[in-house]
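Since the structure comes first, as structure tokens, the remarks are kept for the end.
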């Protein structure tokens with residue numbers, strides 16, 4: 001077991017993680033503002049981490065002392081104790097850890113003790129007086145400080161100048177012991193994230209299971225850390241997030257929306273007593289259905305927790321599981337009634353022979369990509385096994401500059417085009433009172449913030465809806481705040497609009513088996529609702545002597561919507577291609 005109190009406070013890999021500001025899920029260090037401060041400060045030791053916690057407060061940030069601290073640390077400002085014009089050698093040991101900046105309340109007390117001979121109790125009285133800023137009390141303290149300094153051989157004028165500086169910064173001072181305690185927990189969580197990344201992230205996600213927004217952020221961080229996150233699985237998962245022997249994180253079954261603790265307990269009890277579930281029918285027969293109703297099992301299916309319990313273990317069939325659920329629960333009910341009467345299972349629906357189990361399933365056309373992902377989004381709060389943009393991957397290369405992760409800053413006159421799912425959209429007001437927009441795009445490879453100045457915002461605001469997939473053209477530039485890149489939008493359209501602009505034809509390739517006598521009648525019925533578009537339909541099919549081609553007449557030109565493409569792919573056994581100009 002790890003003794004968290006015995007870890008070294010100068011662990012190089014942990015400090016390197018900190019310097020990269022990869023501090024999501026690290027105590028006190030995960031906010032965007034804190035990450036920005038980390039990038040500027042570049043803390044490279046535990047003492048700097050203590051200062052980091054003390055500096056990240058409104059007072060220091062607004063007073064300018066944070067900038068002074070950073071500039072002094074990196075040699076851009078001369079070190080002085082505390083001021084270039086007013087300093088004393090005896091103060092260097094006190095202020096050296098903070099580069100001459102009076103940051104902590106303890107430093108205020110130490111300066112009074114060393115420079116003016118205050119007792120520890122008297123120094124604490126001075127600290128309190130400076131915090132309360134009462135004029136009559138401060139007048140007494142000034143006199144006491146000057147007298148004590150002169151007795152110690154310090155010039156009276158210098159002592160008063162230093163007193164004024166101490167008084168100025170005392171209002172921003174933070175209790176170092178408090179900051180050190182916070183920094184220690186920050187360092188310990190940083191160390192665990194560095195050396196036990198999967199276990200740490202599983203624990204953090206388990207702690208925030210009820211906060212879907214937080215889980216989304218943490219799942220994204222797992223991907224950034226190159227950790228494998230497996231979908232929930234009734235045969236492998238627990239109530240909370242866990243790590244298997246391969247170092248992979250297994251999604252917590254308890255994190256599925258609408259499932260709850262009692263159903264998960266029923267699943268774990270049945271698995272503990274009888275081993276892994278063989279299939280959906282075995283699952284329904286063994287789990288206490290008084291604690292696990294049909295609605296809950298449906299949520300488990302949509303979340304992917306029963307993917308291994310279908311007829312084909314290598315190809316999850318969530319639609320088949322959903323279609324078979326009613327029969328599986330009815331069979332389980334009959335089985336329990338028969339058991340209670342001491343009878344054998346009369347119907348054989350729970351037989352263990354593979355052929356018999358296979359026949360019990362009701363085969364169904366599997367869910368579309370959108371239905372599959374929508375089910376995950378509804379039950380998990382996020383897209384786990386895919387992304388809505390994946391179905392467009394082949395065509396996106398015809399009208400984008402690549403994935404978001406591949407975008408690079410360009411000159412002002414150079415435009416890049418990117419596509420992504422809108423995961424957040426904000427409306428802001430500039431100093432002139434005009435509205436502008438800030439949209440975050442995500443395509444599973446990366447995220448990028450896109451700015452829309454007032455003119456573009458007015459033109460495209462109706463498209464800026466969360467969960468829309470947009471194609472955006474604009475200038476890509478470096479973002480000093482985040483350390484990444486950002487885009488300033490020029491043109492925006494939906495995937496459908498981009499496709500209509502660039503598509504040349506829809507091409508279906510068939511073999512002779514697929515060309516049935518009524519194929520073209522069926523094709524006509526499919527195309528009818530989408531007629532009067534601009535996209536031609538081409539049908540290629542293999543004849544015994546050659547490959548034949550038919551281009552349908554102009555009256556059958558269509559609008560190439562997602563719905564139509566899905567229907568055509570079912571007719572052509574998935575072999576549907578889009579030709580682009």
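The values are calculated or read from the model by the stated rules, or taken from the named source; none is laboratory data. A quick note: this is a predicted structure, and the numbers were derived from the prediction, not measured. Backbone-built Cβ (ideal geometry, glycine too); neighbour counts: all protein chains shown.
For residue 194, the conditions (1) in the same structural domain as residue 30 (by TED's automatic domain parsing); (2) over 19 Å from residue 110 (Cα atoms) are fulfilled apart from (1). Among the residues of the stretch 517-532, those that are modelled with pLDDT of 90 or more and either closer than 26 Å to residue 469 by Cβ or in contact with a helix residue (DSSP H, G or I) (Cβ under 6 Å, 6 or more places away or on another chain) (or both) comprise 526, 527, 529, 530. Restricted to the stretch 314-346, and to residues there that are under 28 Å from residue 381 (Cβ atoms) and surrounded by fewer than 12 Cβ atoms within 10 Å (Cβ to Cβ), the residue that is modelled with the lowest pLDDT is 314. Residue 28 passes every criterion in (1) surrounded by 15 or more Cβ atoms within 10 Å (Cβ to Cβ); (2) on the phi < 0 side of the Ramachandran plot; (3) not in a helix (DSSP H, G or I) apart from (2).
Confirm whether residue 166 is touching a residue at least 12 places away in the same chain (Cβ under 8 Å) and closer than 18 Å to residue 82 by Cα. For residue 166, the condition - touching a residue at least 12 places away in the same chain (Cβ under 8 Å) and closer than 18 Å to residue 82 by Cα - is met. Residues that are surrounded by fewer than 18 Cβ atoms within 10 Å (Cβ to Cβ), farther than 28 Å from residue 14 by Cα and assigned by TED's automatic domain parsing to the domain that holds residue 9 are absent from the stretch 172-181 altogether. So for the stretch 108-128 (the condition being in contact with a strand residue (DSSP E or B) (Cβ under 8 Å, 6 or more places away or on another chain), crowded, with 23+ Cβ neighbours inside 10 Å and free of Cβ contacts under 8 Å to residues at least 60 places away in the same chain), does at least one residue qualify? Within the stretch 108-128, none of the residues are in contact with a strand residue (DSSP E or B) (Cβ under 8 Å, 6 or more places away or on another chain), crowded, with 23+ Cβ neighbours inside 10 Å and free of Cβ contacts under 8 Å to residues at least 60 places away in the same chain. Among the residues making up the stretch 461-483, those that are touching a residue at least 24 places away in the same chain (Cβ under 8 Å) and over 24 Å from residue 393 (Cα atoms) are 461, 477, 478, 479, 481, 482, 483.
Kindly check whether there is at least one residue in the stretch 241-257 that is surrounded by fewer than 18 Cβ atoms within 10 Å (Cβ to Cβ) and closer than 28 Å to residue 330 by Cβ. So far as the stretch 241-257 goes, yes, one or more of its residues are surrounded by fewer than 18 Cβ atoms within 10 Å (Cβ to Cβ) and closer than 28 Å to residue 330 by Cβ. Going by what's in this entry, would residue 101 be described as crowded, with 20+ Cβ neighbours inside 10 Å and in the same structural domain as residue 168 (by TED's automatic domain parsing)? Against the criterion (crowded, with 20+ Cβ neighbours inside 10 Å and in the same structural domain as residue 168 (by TED's automatic domain parsing)), residue 101 qualifies. Against the definition (modelled with pLDDT under 95 and within 30 Å of residue 160 (Cβ to Cβ)), how does residue 2 come out, yes or no? Answer is no for this residue.
Residue selection: residue 418 fails the criterion of being over 30 Å from residue 465 (Cβ atoms) and either at pLDDT below 85 or buried (at least 19 other Cβ atoms within 10 Å of the Cβ) (or both). Taken as a whole, the condition of being surrounded by fewer than 17 Cβ atoms within 10 Å (Cβ to Cβ) and under 16 Å from residue 477 (Cβ atoms) does not apply to residue 428. Comparison of 494, 551 shows that the only residue that is under 38 Å from the mean Cα position of the chain (by Cα), surrounded by fewer than 17 Cβ atoms within 10 Å (Cβ to Cβ) and at pLDDT 90 or above is 494. Highlighted here are the helices (runs of 4 or more DSSP H) found entirely within the stretch 37-130 that include at least 1 residues which are at pLDDT below 90, closer than 14 Å to residue 162 by Cα and touching a helix residue (DSSP H, G or I) at 6+ places or on another chain (Cβ under 7 Å): 105-116.
Would a scan of the stretch 22-43 turn up a residue that is over 24 Å from residue 217 (Cα atoms) and more than 28 Å from the chain's Cα centre (by Cα)? The answer is no, given that none of the residues of the stretch 22-43 is over 24 Å from residue 217 (Cα atoms) and more than 28 Å from the chain's Cα centre (by Cα).
For the stretch 1-18, which residues satisfy the criterion of being part of a loop (DSSP other than H, G, I, E, B) and surrounded by 14 or more Cβ atoms within 10 Å (Cβ to Cβ)? Listed by number, the residues that qualify are 7, 9, 11. The criterion of at least 2 residues that are in contact (Cβ under 8 Å) with a residue 24 or more places away in the chain is met, among strands (runs of 3 or more DSSP E) falling completely within the stretch 487-581, by 503-510, 531-535, 537-542, 576-580.
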